[in-house]
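Here is the structure we will look at.
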Amino acid sequence: MAFIIADRLTKTFPGETRPAVDQVSFEVKQGEFVVLLGPSGCGKTTLLKMVNRLYEPTDGRLLIDGVDARSMSATELRRRIGYVIQQTGLFPHLTIEQNIAVVPQLLKWNRKRIEARIDELLDLVELPRSYRQRYPRQLSGGEQQRVGLARALAADPALMLMDEPFGALDALTRARLQDELLRIQQRLHKTILFVTHDVDEALRLADRLLIMRTGRIVQFDTPLAVLAEPANDFVRDLLSADDVLRRLSLLTVADALAGNGDGQRLTANDAQETLQPGDTLREALIRVLRAGGQALPVVANGQNVGEIAPDTIASALTRTTHALPD
Amino acid sequence: MIDLLADAYNYFLANQSRFWAATTQHLWISSAALAISIAAGLPLGIWAAHEARIGQWAINLFGALRLVPSLAVLFLVQPYLGIGTTPALVALTLLAIPPVLIATYAGMRSVDSGVCEAARGMGMTAGQILWRVELPLALPSIVGGVRTAAVEVIASATLAAFIGGGGLGIFITRGYALFDTRIMLVGAIPVALLALMAELSLGWMQRRLASGLGAAT
Ligand SMILES: Nc1ncnc2c1ncn2[C@@H]1O[C@H](COP(=O)(O)OP(=O)(O)OP(=O)(O)O)[C@@H](O)[C@H]1O
Ligand SMILES: [Mg+2]
């Protein structure tokens, strides 16, 4: 069974006529990284906050791991769900270690276990252990958000809710933290609901994109599928789905080779640049163009596994576009 | 001037037992008023901060009450409570509640909303949020309110003598009645020193707490 099942989840705020979230139904599998994307005011935060019951739904049902979210107390539920917000919400009067220890303490872990967990988490988010005694204000914005992430992960919740966690960071720090998050996710396999209105961030992080508009779900699919087949003009415009470079940045050299059968194998001569299977096609295209449009060999573990030429890229692009507008 | 101070000192030496009794009474009535006003103003301020609508309204009301001069408060309670220590205590308490209340309210409201949201989202109960997050963060502001209240109460307790409440004010009323400035000084100087001590010590505490929270700039 799916890990999260939302069944016609609805929230109408007191005094409002139009629901902020309107009969939303969806399912999320265990370990899935789902990004909620949509314009400001479309109900992303409201939907997220219904999951940990910071907002009580006015209608509908929510099952988390087979259990109705209303069947336990809200505080008990929240201690089992990691929560990261844009303003970090770190407690300014507590040190980094005290911040991280909050939920384990609420859960009455013993001192030794908490101490060990703090070290483990600081390592995980790549902060030096010497930061333990510091206060949040003594850290940079990016470091504070790492602490926010560590704090949310502290009691090892299966589910993480993240509301624009990197929204206030500069582009470079944001990109680095996205990488970190992906790396952490590869290790921990959390189920993640992540809100953003940054399209590139969404495409980069999501296993599946949940696209919302005025309180409803417009499309819920993988980034590639959403780009290839936007449900409507709204989605197309939101993602600039016609942006070829954007689509190429979601495909890898390996994807292109896989669909291309057994192409000829170029021998890598020493002067030439080589590509790796993990490179994005966007990266590959840039390198191919820089090499004057000639094919570049793909090398994995010292082995020549294929080549990427402009038409390899073009056909990979066509293959992922089911219905090309004529 | 020097003569005047010397005379005042001589009067003090001649009336030591009365002086110390009056000082004790002054301190007692001030501390009692302060303690009661904290016991009332703190929960009221917390309540007001949590009840966004009514809270603001209540705060404005108490803000307006502060404009009533302390002397007027003293004389206003007198017809109902008569003379003596009790009406003085009531008047001083009424005087001290608004600064404590307003500072508590302001301190609680100044807590970053993201911090409270995170606390709730992590599964803290309302009580845990209050004790572990809101009150520690509001403490510098609350101490600031207590400081204002303490200085006001110590100064105003002088007026208690007018309605038979005792305290160092008795020297001032007596000096005034006898047109004797040196007697007035025996009351006025210690009161000023006490108020100054309260101001300095609580101000120091407030700054220490604030710098502990990184709020001092
Ligand atoms: N506490 C509230 N009371 C009343 N209305 C609210 C409340 N919170 C949100 N809304 C309304 O509900 C709608 C959805 O808000 P929500 O915060 O979920 O949007 P969002 O998608 O998170 O937007 P953003 O990207 O700007 O954060 C908006 O119209 C908003 O005005
Ligand atoms: Mg939002």
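The values are calculated or read from the model by the stated rules, or taken from the named source; none is laboratory data. Because the structure is a prediction, the values reported are computed rather than measured. Every residue, glycine among them, receives a Cβ derived from its backbone with ideal geometry; neighbour counts consider all protein chains shown. All accessible areas refer to the heavy atoms of the entire protein, side chains included, with ligands and DNA or RNA removed. Shrake-Rupley method; radii C 1.70, N 1.55, O 1.52, S 1.80 Å.
Applying the condition of being within 13 Å of chain B (Cβ to nearest Cβ) and within 16 Å of ligand 1 (Cβ to nearest atom) to the range A:154-192 and asking which residue is farthest from A:L224 (Cα to Cα) yields A:A168. For the range A:202-224, the criterion of being within 16 Å of ligand 1 (Cβ to nearest atom), open to solvent by 10 Å² or more (accessible area, probe 1.4 Å) and either polar (S, T, N, Q) or assigned to a helix (DSSP H, G or I) (or both) is met by at least one residue. Residues of the range A:42-52 include at least one that is away from chain B (no Cβ under 14 Å), closer than 15 Å to A:M212 by Cβ and outside any helix (DSSP H, G or I).
Evaluated against (1) in contact with a Ser or Thr (Cβ under 9 Å, 6 or more places away or on another chain); (2) at pLDDT below 80; (3) over 13 Å from A:T312 (Cβ atoms), A:V244 falls short on exactly one condition, (1). Exactly one residue out of A:L62, A:L127, A:L122 is among the aliphatic types (A, V, I, L, M), more than 19 Å from B:C116 (Cβ to Cβ), part of a strand (DSSP E or B) and in the same structural domain as A:F166 (by TED's automatic domain parsing): that is A:L62. Applying the condition of being within 15 Å of ligand 2 (Cβ to nearest atom) and open to solvent by 10 Å² or more (accessible area, probe 1.4 Å) to the range A:18-40 and asking which residue is farthest from the other protein chains (Cβ to nearest Cβ) yields A:P39. Filtering A:D198, A:D207 for residues that are away from ligand 2 (no atom under 16 Å from the Cβ) and under 22 Å from A:Y83 (Cα atoms) leaves a single hit, A:D207. Among the residues making up the range B:104-113, those that are part of a helix (DSSP H, G or I) and either in contact with a Pro (Cβ under 9 Å, 6 or more places away or on another chain) or within 7 Å of another protein chain (Cβ to nearest Cβ) (or both) are B:T104, B:G107. Those helices (runs of 4 or more DSSP H) of the range B:114-217 in which 2 or more residues are surrounded by fewer than 19 Cβ atoms within 10 Å (Cβ to Cβ) and more than 14 Å from chain A (Cβ to nearest Cβ) occupy B:169-177, B:181-212. Restricting attention to the range A:101-119, the residues being in a helix (DSSP H, G or I), within 14 Å of chain B (Cβ to nearest Cβ) and over 19 Å from A:Q86 (Cβ atoms) number 4. Restricting A:R18, A:R70 to residues that are more than 28 Å from A:Q178 (Cβ to Cβ) and part of a loop (DSSP other than H, G, I, E, B) narrows the list to A:R18. For the structure I just gave you, tell me whether A:G148 is in a helix (DSSP H, G or I) and over 30 Å from A:G66 (Cα atoms). Answer is no for this residue.
Taking the criterion of being of a type in the set (A, V, I, L, M) and open to solvent by less than 10 Å² (accessible area, probe 1.4 Å), the residues of the range A:153-176 that qualify are A:L153, A:A154, A:L159, A:M160, A:L161, A:M162. With the structure loaded, tell me whether A:Q86 is within 23 Å of the chain's Cα centre (by Cα), surrounded by fewer than 22 Cβ atoms within 10 Å (Cβ to Cβ) and closer than 14 Å to B:G121 by Cβ or whether it fails that test. Yes, satisfied. Mind checking which residues of the range A:225-245 are in a helix (DSSP H, G or I) and either in contact with a helix residue (DSSP H, G or I) (Cβ under 8 Å, 6 or more places away or on another chain) or surrounded by 20 or more Cβ atoms within 10 Å (Cβ to Cβ) (or both)? Across the range A:225-245, the qualifying residues are A:V226, A:L227, A:A228, A:V235, A:L238, A:L239, A:V244, A:L245.
For every residue, the table says whether it meets (1) away from ligand 1 (no atom under 16 Å from the Cβ); (2) open to solvent by 30 Å² or more (accessible area, probe 1.4 Å).
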| site | (1), (2) |
| --- | --- |
| A:C42 | no, no |
| A:T45 | no, yes |
| A:M50 | no, no |
| A:G66 | yes, yes |
| A:V103 | yes, no |
| A:D119 | yes, yes |
| A:Q138 | yes, yes |
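All conditions in (1) within 16 Å of ligand 1 (Cβ to nearest atom); (2) free of Cβ contacts under 8 Å to residues at least 12 places away in the same chain hold for A:D123, with the sole exception of (1). For B:A49, the conditions (1) open to solvent by less than 20 Å² (accessible area, probe 1.4 Å); (2) within 16 Å of B:P136 (Cα to Cα); (3) within 14 Å of chain A (Cβ to nearest Cβ) are fulfilled apart from (3). Looking at the range B:7-91, the helices (runs of 4 or more DSSP H) lying wholly inside it that each contain 3 or more residues that are over 22 Å from the mean Cα position of the chain (by Cα) sit at B:16-50, B:52-65.
So for the range A:89-97 (the condition being away from ligand 2 (no atom under 16 Å from the Cβ), in a loop (DSSP other than H, G, I, E, B), out of contact with any helix residue (DSSP H, G or I) (no Cβ under 7 Å at 6 or more places or on another chain) and away from every other protein chain (no Cβ under 12 Å)), does at least one residue qualify? Among the residues of the range A:89-97, not one is away from ligand 2 (no atom under 16 Å from the Cβ), in a loop (DSSP other than H, G, I, E, B), out of contact with any helix residue (DSSP H, G or I) (no Cβ under 7 Å at 6 or more places or on another chain) and away from every other protein chain (no Cβ under 12 Å), which makes the answer no.
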